[in-house]
1. Through the Karplus equation 6.51 cos²θ - 1.76 cosθ + 1.60, θ set to phi - 60°, convert the phi angles of region 136-149 into ³J(HN,Hα) values in whole Hz; use x for Gly and Pro.
2. Under the Karplus relation 6.51 cos²θ - 1.76 cosθ + 1.60, θ = phi - 60°, what is the ordered set of whole-Hz ³J(HN,Hα) values for region 152-163, x standing for Gly and Pro?
3. Would you pull out the residues with amide H under 5 Å of residue 50's amide H, same chain only if 5 or more places away, H placed 1.01 Å from N?
4. Over the Cα atoms, compute the radius of gyration (one decimal) and Dmax (the largest Cα-Cα distance, rounded to a whole number) for region 64-128, in Å.
5. Expected output is a single nm value to one decimal: the length gained when fully extending between residue 2 and residue 34, i.e. 0.36 nm times separation in residues minus the C-alpha distance. What is it?
6. Picking from 13, 160, 86, which is most flexible by a Gaussian network model of the chain using Cα springs under 10 Å?
7. Per the Kirkwood treatment, what hydrodynamic radius in Å, one decimal, follows for region 25-77 from the mean inverse distance over all distinct Cα pairs?
8. At a threshold of 8 angstrom on Cα-Cα distance, excluding pairs fewer than six apart, so keeping six or more, what relative contact order does the chain reach in percent?
Amino acid sequence: MKRIFDILLILFSLPLILPAGVLIALLVACKLGRPVLFIQARPGRTGKPFRMYKFRTMTDERDANGQLLPDHVRLTRFGSLLRSTSLDELPELLNVLRGEMSLVGPRPLLMQYLPLYNDHQRRRHEVRPGITGWAQINGRNAISWEQKFDLDVWYVDNRSLWLDIRILFLTIWKVFKRDGISQEGEATAAPFTGSGRAAGERD
């Protein structure tokens, strides 16, 4: 039911999604250059990597040694607007149609985080990752990593079609309010460096 729900909702939304996607792609090309898409390997269900698509929100500015400048320097006002409205996530709908993601589920994080998870946190990979999720409507980037992972695992244990519908509606409300876009002092969120709790230990 979840998979069918995802596909039907995307197909019914295409008359709105396609024009918006084309317009955003043109704006990204004009303001940030090409490529317009940011493509990166992310862990999916069971940690299996897939190529996730997003609209680009940062420049490619580098220092004298050829290293990329910090995120807060490369994140433009236009890119920040795309992130705060979650419009940069629109290309992930292709990942949903391909079966690599779902509309709702734990957000796909970075591949290098996989070895840092304890047993409890690793459970977030028991389901497909999502464009939005329980953690996103309960703090997003403004809460700690441990809180995010606890919320992700709560979703894994309590997932249902009705919960997905609730999360989707609350996501729209959160986007309008622009809550939890970034952690204090960070362009988005501080990198995850591992949890101090033992594997499987919970608050």
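1. Calculated HN-Hα couplings, in order: 5, 8, 10, x, 6, 7, 7, 9, 6, 4, 4, 5, 4, 5 Hz.
2. Karplus values, whole Hz, x for Gly and Pro: 4, 5, 4, 5, 4, 7, 10, 4, 6, 4, 5, 5.
3. 42, 44
4. 15.6, 43
5. Computed gain between residue 2 and residue 34 is 8.0 nm.
6. Residue with maximal mean-square fluctuation among 13, 160, 86: 13.
7. Averaging 1/r across every pair of different Cα atoms and inverting gives 12.6 Å.
8. Averaging sequence separation for qualifying contacts and normalising by length gives 20 percent for the chain.
Only the coordinates and a few stated rules stand behind these numbers; no lab work does. Values in this document were obtained by computation on a predicted structure and should not be read as measured data. Glycine gets a Cβ as well: all are built from the backbone with ideal geometry, and neighbour counts include every protein chain shown.
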